[in-house]
Each structure stands twice: as structure tokens, then as C-alpha cells.
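The values are calculated or read from the model by the stated rules, or taken from the named source; none is laboratory data. These figures come from a predicted structure and were not determined experimentally. Quick reminder, even Gly has a Cβ in these numbers, built from the backbone with ideal geometry, and neighbours come from all protein chains shown. In case anyone asks, the SASA skips ligands and DNA or RNA and just uses the protein heavy atoms, side chains included. Shrake-Rupley method; radii C 1.70, N 1.55, O 1.52, S 1.80 Å.
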Amino acid sequence: MIMEKEMALNKTVLSVRGLTKKFGNLEVLRGVDLDIRDGEQIAIIGPSGCGKSTFLRCINCMEDPSGGSIIFDGVDIADMSVNINKHREHIGMVFQQFNLFNNKTVKENIMLAPVYVGVRDLRAKKRKNFFIRLANLFKKEKKALLPLETTEAEIKAKAEENAMSLLRRIGLEEKANVYPSTLSGGQKQRIAIVRALAMNPEVILFDEPTSALDPEMVGEVLDLMKQLAKEGMTMVIVTHEMGFAREVADRVLFMDEGKIKEEGSPAELFGNPKDARLKDFLSKVL
């Protein structure tokens with residue numbers, strides 16, 4: 001198993017080079033480099049205001065980088081000419097505040113993105129077929145129509161089936177038809193995680209996923225994330241949970257002043273920190 005994971009980690013899923021981000025005169029990120037490998041769990045730690053969450057939001061271009069490149073599936077998604085929405089479908093995001101739609105049921109929240117993307121792509125094929133048919137009226141050699149392998153009803157049925165499967169996985173299938181306002185914080189965050197999983201992402205980004213939870217609810221969310229780690233999900237996690245980072249992460253990054261000041265295995269970074277600022281930080285949080 002160890003050798004299999006080492007082989008998987010050789011493949012780089014996402015590569016960040018020279019990433020910068022400015023808000024006016026404030027430089028939040030100052031030339032960040034990072035390779036994220038398939039099946040790797042990366043924990044990012046550091047003091048508040050050091051750029052951790054901004055870095056995460058720049059990775060999937062929720063914040064437009066000011067400079068640098070982010071290579072995902074061979075494409076620089078930091079390039080403003082790229083259709084970022086197409087690539088963002090494969091980069092899941094879990095937020096501090098859950099970001100569930102309160103006017104939709106739990107099941108509808110999970111189904112929303114898969115149905116939207118599936119129906120959008122189906123309609124795009126139908127539009128192309130319309131123009132192909134139109135062009136074929138004036139051609140001797142007719143161009144073949146794009147195959148329509150599904151229908152809108154089938155897309156919705158498949159999304160519903162997958163949503164229920166994900167809810168059963170986390171033991172919340174009985175909450176399928178309730179609204180998020182009736183759930184505890186821990187339940188909301190677990191729903192937010194499986195909502196990200198519903199798109200079968202290559203990478204999931206977690207922005208301090210337990211920071212908005214009451215202490216007794218933290219464990220149920222961390223347990224789900226540990227399970228995902230065991231299954232080989234590629235994850236980048238901004239967290240203040242040092243015990244979790246030490247237990248789950250393959251690599252821990254320490255950020256300060258918009259830079260990665262030190263990185264290494266949990267044993268190296270927590271057991272033998274070299275950067276003076278990291279030593280000071282750990283002395284206050286451990």
C-alpha cells in the first residue's frame with residue numbers, strides 16, 4: 001500500500017508558480033510555489049492574516065491572481081482567457097461557513113451542481129446538432145450529429161441517486177428533504193463536503209472547515225475528512241487543527257507574510273522546525 005501511494009504521488013495534479021495577489025497596495029501573496037500531487041493531503045498552517053485562505057481561493061480562481069501561473073490539467077487557469085468554470089468543476093471547495101442554499105433541501109443542494117453541468121452540456125450538444133442539421137441542408141456530404149447519450153430526466157435521476165448514496169455514506173439520508181436551517185453546524189459541514197464530492201473532483205480545497213463549529217461538532221467533520229484521506233482523495237486543507245494536520249497530512253506547509261516559509265512531513269515540521277517564526281508559532285498553538 002505504501003509503494004502504491006508513493007507511485008500515485010509522483011503525478012502532479014496542480015502546479016502553482018510565482019503566485020501573487022494584491023488588494024490595492026496590500027500584497028497578500030508574494031511569489032508562492034507549490035506542486036500538489038495525486039492522492040496527497042496537504043495541510044496549510046500559519047497565523048491569521050498570513051494569506052492562507054487567499055491562497056486557497058486563488059487556486060481555483062475565486063480570487064483572480066495578480067501574477068503567476070496555476071497549471072491544472074495542462075492549462076494555466078490563472079489566464080483570464082481560460083473558461084475557469086469548466087476547470088473549476090474538477091476542483092471542489094469547502095468553506096468555513098458551509099455556503100448551503102437555505103431555500104433548497106439538503107438533497108437539492110447536493111444535486112444542484114451535477115444537474116446544472118449535465119443539463120448545460122446536454123443543451124450545448126443540442127444547439128450544435130441544430131446548426132449541424134441546418135448546415136447539412138446545403139451539403140452533399142452530411143456531417144454526423146453529436147450523440148445524445150442521456151436526457152434531462154436521466155441526468156436529474158442519476159444526480160438524485162448519487163446524492164442519496166452520499167447521504168447514506170455519512171449517515172444523514174433521513175435529512176434528504178429537510179432544509180439546512182434545521183441542521184447542526186457539523187451536519188451542515190458534512191453536507192457541504194459531500195456536495196463537493198458529488199462532482200467527482202480531482203482536488204478538494206478546505207478553507208478552515210471546522211472554524212465555525214462548536215467544539216463538540218468538530219470531531220464528526222474531521223472523521224469524514226480522515227476517511228477521505230484514507231481513500232486517497234487529493235486535499236489541500238487550511239486548518240488550525242494541529243493534531244489533525246499531524247495525523248492526516250502527507251505534507252504540512254507553514255505560511256507567513258504571504259509566503260511558504262517552511263514545509264515538510266508532519267514529523268519534520270512539528271518535531272524539528274527550522275524557521276524562527278514557525279518555532280514561535282508552534283510554541284503558542286501546541
message: Go through (1) without any contact (Cβ under 8 Å) to a residue 24 or more places away in the chain; (2) open to solvent by 40 Å² or more (accessible area, probe 1.4 Å) for Glu27 and report which single condition fails.
response: (1)
task: Confirm whether Phe72 is among the aromatic types (Phe, Trp, Tyr) and touching a strand residue (DSSP E or B) at 6+ places or on another chain (Cβ under 8 Å).
output: yes
statement: Thr150 vs (1) out of contact with any helix residue (DSSP H, G or I) (no Cβ under 6 Å at 6 or more places or on another chain); (2) of a type in the set (Val, Ile, Thr); (3) not in a loop (DSSP other than H, G, I, E, B): all pass except (3)
task: Name the one entry in Leu166, Leu145, Leu205 that is of a type in the set (A, V, I, L, M, F, W, C) and in a loop (DSSP other than H, G, I, E, B).
output: Leu145
Filter pass, Ser66 being of a type outside the set (Val, Ile, Thr), farther than 26 Å from Met242 by Cβ, touching a residue at least 12 places away in the same chain (Cβ under 8 Å) and surrounded by 15 or more Cβ atoms within 10 Å (Cβ to Cβ): yes
query: Do you know which residues across region 153-174 are out of contact with any helix residue (DSSP H, G or I) (no Cβ under 8 Å at 6 or more places or on another chain) and open to solvent by less than 80 Å² (accessible area, probe 1.4 Å)?
result: Ala153, Ala157, Ser165, Gly171
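Results for (1) β-branched (Val, Ile, Thr); (2) touching a Gly at 6+ places or on another chain (Cβ under 7 Å); (3) outside any loop (DSSP other than H, G, I, E, B), shown as yes or no for each residue.
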{"site": "Ile44", "(1), (2), (3)": "yes, no, yes"}
{"site": "Gly68", "(1), (2), (3)": "no, yes, yes"}
{"site": "Lys104", "(1), (2), (3)": "no, no, no"}
{"site": "Glu108", "(1), (2), (3)": "no, no, yes"}
message: Go through region 33-51 and report how many residues are open to solvent by less than 10 Å² (accessible area, probe 1.4 Å), of a type outside the set (A, V, I, L, M, F, W, C) and closer than 16 Å to Glu208 by Cα.
response: 3
query: Out of region 100-110, which residues are closer than 13 Å to Glu160 by Cα and within 17 Å of the chain's Cα centre (by Cα)?
result: Asn109, Ile110
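Kindly evaluate Phe98 against the criterion of being of a type in the set (Phe, Trp, Tyr), surrounded by 15 or more Cβ atoms within 10 Å (Cβ to Cβ) and either at positive phi or not in a helix (DSSP H, G or I) (or both).
Criteria met by Phe98.
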task: Check off (1) under 15 Å from Asp250 (Cβ atoms); (2) modelled with pLDDT under 90 for Lys226 and give me the number that stays unchecked.
output: (2)
query: If Cys61 passes every condition in (1) assigned to a helix (DSSP H, G or I); (2) over 30 Å from Leu282 (Cβ atoms); (3) open to solvent by less than 20 Å² (accessible area, probe 1.4 Å) but one, which one does it miss?
result: (1)
message: Return the pair list, or none, for Cβ contacts closer than 7 Å from residues in region 76-90 that are among the hydrophobic types (A, V, I, L, M, F, W, C) to residues that are in a helix (DSSP H, G or I), at least 6 apart or on different chains.
response: Ile77/Ile84; Ile77/His87
- prompt: Looking at Gln227, Gln189, which one is within 30 Å of Leu278 (Cβ to Cβ), in contact (Cβ under 8 Å) with a residue 40 or more places away in the chain and either part of a helix (DSSP H, G or I) or not β-branched (Val, Ile, Thr) (or both)?
  reply: Gln189
message: Let me spell it out: the conditions are (1) crowded, with 20+ Cβ neighbours inside 10 Å; (2) closer than 30 Å to Arg123 by Cα; (3) in contact with a strand residue (DSSP E or B) (Cβ under 6 Å, 6 or more places away or on another chain); (4) not aliphatic (A, V, I, L, M), and Pro209 meets all of them except one. Which number is the exception?
response: (2)
task: Kindly indicate which of Val178, Val194 is out of contact with any Phe, Trp or Tyr (no Cβ under 9 Å at 6 or more places or on another chain), open to solvent by 30 Å² or more (accessible area, probe 1.4 Å) and either in a strand (DSSP E or B) or of a type in the set (A, V, I, L, M) (or both).
output: Val178
